[in-house]
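Undergrad: Below is the structure I would like to discuss, written out as structure tokens.
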Amino acid sequence: MFVFDDLIKIDDRGLQELMKEISKEDLPIALRGANPEVKEKFFKNMSSRAAEMLKEDMEAKGPVKVSDVERAQQNILKVCRKLEEEGRIVIAGAGEEML
């Protein structure tokens, strides 16, 4: 089963493609519950200004319900699966060997 922390398996180009398609409201909420490696992968695939704004947005939101984090993560995973089905991104280790 593909979970939010598996987004670290997407290559940088694929993650940038995903970020174009996801809700800007979902990302800061979803990242609140993500492991540090996933957060860093998102931040390094943004301009320094965009990453700083996202970090500020995450801090400004204050406490967030776990159910809201899970909902935001599921919304992002739905977009991710759609992009993978369309062949727009590749998730390493998602069942097929990469060459």
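The values are calculated or read from the model by the stated rules, or taken from the named source; none is laboratory data. Please read all numbers here as calculations on a predicted model, not as lab measurements. In this analysis, Cβ positions are derived from the backbone assuming ideal geometry, glycine residues included, and neighbour counts consider all displayed protein chains.
Undergrad: Of these, A30, A34, which one is surrounded by 15 or more Cβ atoms within 10 Å (Cβ to Cβ), in a loop (DSSP other than H, G, I, E, B) and within 12 Å of the chain's Cα centre (by Cα)?
TA: The match here is A34.
Undergrad: Looking only at segment 47-57, filter to residues that are in contact with a helix residue (DSSP H, G or I) (Cβ under 7 Å, 6 or more places away or on another chain) and surrounded by fewer than 17 Cβ atoms within 10 Å (Cβ to Cβ); which one of those is modelled with the highest pLDDT?
TA: Out of the qualifying residues, it is A51.
Residue by residue, here is whether (1) among the aromatic types (F, W, Y); (2) at pLDDT below 95; (3) out of contact with any helix residue (DSSP H, G or I) (no Cβ under 6 Å at 6 or more places or on another chain) holds:
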position: F2; (1), (2), (3): yes, yes, yes
position: D26; (1), (2), (3): no, no, no
position: V64; (1), (2), (3): no, yes, no
position: S67; (1), (2), (3): no, no, yes
position: E70; (1), (2), (3): no, no, yes
position: Q74; (1), (2), (3): no, no, yes
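Undergrad: Being over 22 Å from D68 (Cβ atoms) and not polar (S, T, N, Q) is the filter here, so list the residues in segment 9-36 that pass it.
TA: Within segment 9-36, K9, I10, D11, D12, R13, G14, L15, E17, K20 meet the criteria.
Undergrad: Looking at (1) in a helix (DSSP H, G or I); (2) small (G, A, S); (3) at positive phi, can you tell me which one A50 breaks?
TA: So the condition that A50 fails would be (3).
Undergrad: Conditions: (1) touching a Cys at 6+ places or on another chain (Cβ under 8 Å); (2) farther than 19 Å from A92 by Cα. E59 meets all but one. Number of the miss?
TA: E59 satisfies all of (1) touching a Cys at 6+ places or on another chain (Cβ under 8 Å); (2) farther than 19 Å from A92 by Cα except (1).
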